[in-house]
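Here is the structure we will look at.
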Amino acid sequence: MYTEKVMELFMNPKNAGRMEDPDGVGEVGNPRCGDIMKIYIKVKDDRIVDISFETFGCASAIASSSMVTEMVKGLTLDEALAISNKDVVNALGGLPPQKIHCSLLAEEGIQAAIEDYRAKRKAGVEAKP
Amino acid sequence: MTERYVYMDHSATTAVDRSVLEAMLPYFSEEFGNPNSLHMWGRKARKAVNEAREKVAALVGADAAEIIFTGGGSEADNLAIKGAAFTRRDKGRHVITTAIEHHAVIDAFHWLEDQGFEVTILPVDEKAMVRISDLESAIRPDTILVSMMFANNEVGTVQPVAEAAKICNERGILFHVDGVQAAGHMPFNVRDMGIDMLTMSAHKMYGPKGVGGLYIRNGVKIEPIVHGGGQERGLRSGTENTAGIVGFGAAADLALRRLGDGSIEEEVRLRDLLIDSVTSSIEDAYLTGHRTERLPFHASFCIGSLEGESMLLRLDAAGIGASSGSACTSGSLEPSYVLLAMGITHELAHGSLRFSLGKDTAREDIVYVAEKLKKIVADLRALSPLWENRG
Ligand SMILES: Cc1ncc(COP(=O)(O)O)c(C=O)c1O
Ligand code: FES
């Protein structure tokens, strides 16, 4: 039911695991099945220079996480925000219809991490003496 | 590719045993007769069906005349439930079942509800056991039927069937038991237990798929759901699936032998080894269902902070076939209703896993599965945001 690409990333996910000292963290949940995805980013000069994820979910959610982290690494924040779950699904060579919703977590996770980074930076700038 | 292949999904289905296959083979092309024909070909087929009926009856302590062959367990459940409810609908309209039944039972009850019957669904405790006191208080003067499974397919718990039967017998309420998981794997006698109707399925005991049996106690009248040529005492019309029925008979024979030769005791030892290995070597891993009142071949768990589908696919890649009741595997994205009925949280139900052993499962298989699972759990937990945050 899954493409080879999905299985490959599910079996050997890239950028997996927690990050020490991230600049932004996004945690999103899937209201349908209760799954959770957490994205950590390091940002330099408005670019995502490092990224990792943690996912509590099915193979499709894990593969989507892995794929999206590879896709946005090196992109500017605005470029990363433009990545949609459709882009992730296409890059994976497709997902079964009942598993498309898992890829939404990937899109939302990136957005949440970037928002967190921007909010922190804003707060940091304001807090500076 | 992998070191071993270990099929541990015998609750889903079993391989047809060699002896069963060999018994069946002549009934496709050589002894192909219609059991309802008068000639030699027909008589040979009739004889084979009758012998199979004897064997299936012997497995559960029934008389051959009390066994009806069907097209599987689901059909037998439907026949028992709908057939009994319709026969007794003038006596009352209240029917009772439990929250953890197979869909073949639950959905038949929902259909009865649509037909104007009133349905009470009994809850279960945290080990998936029905409380007898709940059954007693659910019974009304107009209760006509109670259906309770012998043992649950997802969590293995064996129900207090004999006690429930006694209560129903005393009150003249028909008592149906879905014995699909238990028949052939646990020794029991329908007469001693006071069971009025018992569902069995050949493919859960090394027989072919699409063949089932319904024991109907002598004297119990039910309506058919398939009308036609009047086969199976008018309760299941249609030319008999001779080869399949012969296969069921051979499977019942095999099961009866296994019940007496120490095989089940060994299965229990292996099951307990798996349960102990998993719960002691994996942190935050829990047995689901009852520890001792459970199917001899059944070990089911919830693994904290993990999701079932991801574990199943990693197990599959290691050559291990198992199953899960997780939301992500269900299509409906709801976790198994059985786990929820036991009070297991959505989150923990996510990590549900079922291993069901078979007659060819070896000790080395158990060791292999326990080792692989431990590694898979560790690898996937390294990916799980819940694992590090657990309180
Ligand atoms: C408890 C229970 N009842 C009924 C069935 C249905 O049996 P069958 O597959 O023969 O229709 C099953 C099989 O999955 C089962 O486990
Ligand atoms: S994360 Fe639950 S179905 Fe994919």
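Residue check: is B:Glu232 farther than 27 Å from B:Val246 by Cα, open to solvent by 10 Å² or more (accessible area, probe 1.4 Å) and either not acidic (Asp, Glu) or not assigned by TED's automatic domain parsing to the domain that holds B:His350 (or both)?
no
Considering A:Met7, A:Met1, which residue is modelled with pLDDT of 95 or more and away from ligand 1 (no atom under 16 Å from the Cβ)?
The unique qualifying residue is A:Met7.
Give me the pairs: first residue in the range B:128-143 and closer than 24 Å to B:Leu339 by Cα, second residue of a type in the set (Asp, Glu) and surrounded by fewer than 16 Cβ atoms within 10 Å (Cβ to Cβ), beta-carbon distance under 6 Å, and six or more apart or on different chains, which are they?
Listed by first residue and then by second, the contacts come to B:Ile132/B:Glu163.
Restricting attention to the range B:296-320, which residues are more than 16 Å from ligand 2 (Cβ to nearest atom) and either over 23 Å from A:Met37 (Cβ atoms) or of a type in the set (Asp, Glu) (or both)?
B:Pro296, B:Phe297, B:His298, B:Ala299, B:Ser300, B:Phe301, B:Asp316, B:Ala318, B:Gly319, B:Ile320
Among the candidates B:Leu339, B:Leu333, single out the residue that is modelled with pLDDT of 95 or more, open to solvent by less than 20 Å² (accessible area, probe 1.4 Å) and assigned by TED's automatic domain parsing to the domain that holds B:Val367.
The unique qualifying residue is B:Leu339.
Just a yes or no: is a residue in the range B:84-107 more than 16 Å from ligand 2 (Cβ to nearest atom), basic (Lys, Arg) and out of contact with any strand residue (DSSP E or B) (no Cβ under 9 Å at 6 or more places or on another chain)?
Looking through the range B:84-107, none of the residues is more than 16 Å from ligand 2 (Cβ to nearest atom), basic (Lys, Arg) and out of contact with any strand residue (DSSP E or B) (no Cβ under 9 Å at 6 or more places or on another chain).
What residue, of B:Phe117, B:Phe188, is closer than 30 Å to B:Ser19 by Cβ and of a type outside the set (D, E, K, R)?
Result: B:Phe188 is the single residue among B:Phe117, B:Phe188 that is closer than 30 Å to B:Ser19 by Cβ and of a type outside the set (D, E, K, R).
Here's a check for you: in the range B:345-391, which residue that is of a type in the set (Val, Ile, Thr) and open to solvent by less than 30 Å² (accessible area, probe 1.4 Å) is nearest to the other protein chains (Cβ to nearest Cβ)?
This residue is B:Ile376.
For the range B:258-273, indicate whether the set of residues that are of a type outside the set (Val, Ile, Thr), touching a residue at least 12 places away in the same chain (Cβ under 8 Å) and surrounded by 24 or more Cβ atoms within 10 Å (Cβ to Cβ) is non-empty.
Checked against the condition, which is being of a type outside the set (Val, Ile, Thr), touching a residue at least 12 places away in the same chain (Cβ under 8 Å) and surrounded by 24 or more Cβ atoms within 10 Å (Cβ to Cβ), the range B:258-273 yields no hits at all.
Which of the residues spanning the range B:308-339 are closer than 14 Å to B:Glu154 by Cβ, more than 10 Å from every other protein chain (Cβ to nearest Cβ) and out of contact with any Leu (no Cβ under 6 Å at 6 or more places or on another chain)?
Once the filter is applied, which keeps residues that are closer than 14 Å to B:Glu154 by Cβ, more than 10 Å from every other protein chain (Cβ to nearest Cβ) and out of contact with any Leu (no Cβ under 6 Å at 6 or more places or on another chain), the range B:308-339 yields B:Ser323, B:Ser336, B:Tyr337, B:Val338, B:Leu339.
What do you reckon, is B:Met40 assigned by TED's automatic domain parsing to the domain that holds B:Met186, closer than 30 Å to B:Gly156 by Cβ and either at pLDDT below 95 or not aromatic (Phe, Trp, Tyr) (or both)?
no
Quick check on the range B:103-118. Is at least one of its residues among the acidic types (Asp, Glu), within 23 Å of B:Gln181 (Cα to Cα), crowded, with 22+ Cβ neighbours inside 10 Å and within 16 Å of ligand 1 (Cβ to nearest atom)?
Looking through the range B:103-118, none of the residues is among the acidic types (Asp, Glu), within 23 Å of B:Gln181 (Cα to Cα), crowded, with 22+ Cβ neighbours inside 10 Å and within 16 Å of ligand 1 (Cβ to nearest atom).
Only one residue in B:Glu334, B:Glu307 is of a type in the set (Asp, Glu) and touching a strand residue (DSSP E or B) at 6+ places or on another chain (Cβ under 9 Å). Which one?
B:Glu307 is the lone residue from the list that is of a type in the set (Asp, Glu) and touching a strand residue (DSSP E or B) at 6+ places or on another chain (Cβ under 9 Å).
Quick one: how many residues across the range B:188-230 are more than 15 Å from ligand 1 (Cβ to nearest atom), in a loop (DSSP other than H, G, I, E, B) and of a type in the set (D, E, K, R)?
Going through the range B:188-230 one residue at a time, the tally reaches 4.
Identify all residues within the range A:1-22 that are open to solvent by 70 Å² or more (accessible area, probe 1.4 Å), within 16 Å of ligand 2 (Cβ to nearest atom) and more than 20 Å from A:Gly94 (Cβ to Cβ); write none if there are none.
Matches in the range A:1-22: none.
Which residues, counting only those in the range B:54-77, are open to solvent by less than 30 Å² (accessible area, probe 1.4 Å) and touching a helix residue (DSSP H, G or I) at 6+ places or on another chain (Cβ under 6 Å)?
Once the filter is applied, which keeps residues that are open to solvent by less than 30 Å² (accessible area, probe 1.4 Å) and touching a helix residue (DSSP H, G or I) at 6+ places or on another chain (Cβ under 6 Å), the range B:54-77 yields B:Val56, B:Ala57, B:Leu59, B:Val60, B:Gly61, B:Ala62, B:Ala64, B:Ile67, B:Ile68, B:Phe69, B:Thr70, B:Asp77.
Within the range B:231-242, track down each residue that is over 20 Å from B:Arg191 (Cβ atoms) and outside any loop (DSSP other than H, G, I, E, B).
Once the filter is applied, which keeps residues that are over 20 Å from B:Arg191 (Cβ atoms) and outside any loop (DSSP other than H, G, I, E, B), the range B:231-242 yields B:Glu232, B:Gly234, B:Thr242.
Step by step: first the residues of the range B:277-307, then only those that are surrounded by 24 or more Cβ atoms within 10 Å (Cβ to Cβ) and at pLDDT below 95, then the one that is nearest to the other protein chains (Cβ to nearest Cβ). Which residue is that?
Among them, the one singled out is B:Glu307.
Filter the helices (runs of 4 or more DSSP H) completely within the range A:23-129 down to those with at least 3 residues that are crowded, with 17+ Cβ neighbours inside 10 Å, without any contact (Cβ under 8 Å) to a residue 40 or more places away in the chain and more than 12 Å from chain B (Cβ to nearest Cβ). Write out each step before concluding.
Working: elements: A:59-72, A:77-81, A:85-91, A:100-127.
In the range A:23-129, the matching helices (runs of 4 or more DSSP H) lie at A:85-91.
The values are calculated or read from the model by the stated rules, or taken from the named source; none is laboratory data. From a predicted model like this one, the values you see are computed outputs, not experimental measurements. Note: ideal-geometry Cβ built from the backbone for every residue, glycine included; neighbour counts use all protein chains shown. These accessible areas exclude ligands, DNA and RNA; they are computed on the full protein's heavy atoms, side chains included. Shrake-Rupley method; radii C 1.70, N 1.55, O 1.52, S 1.80 Å.
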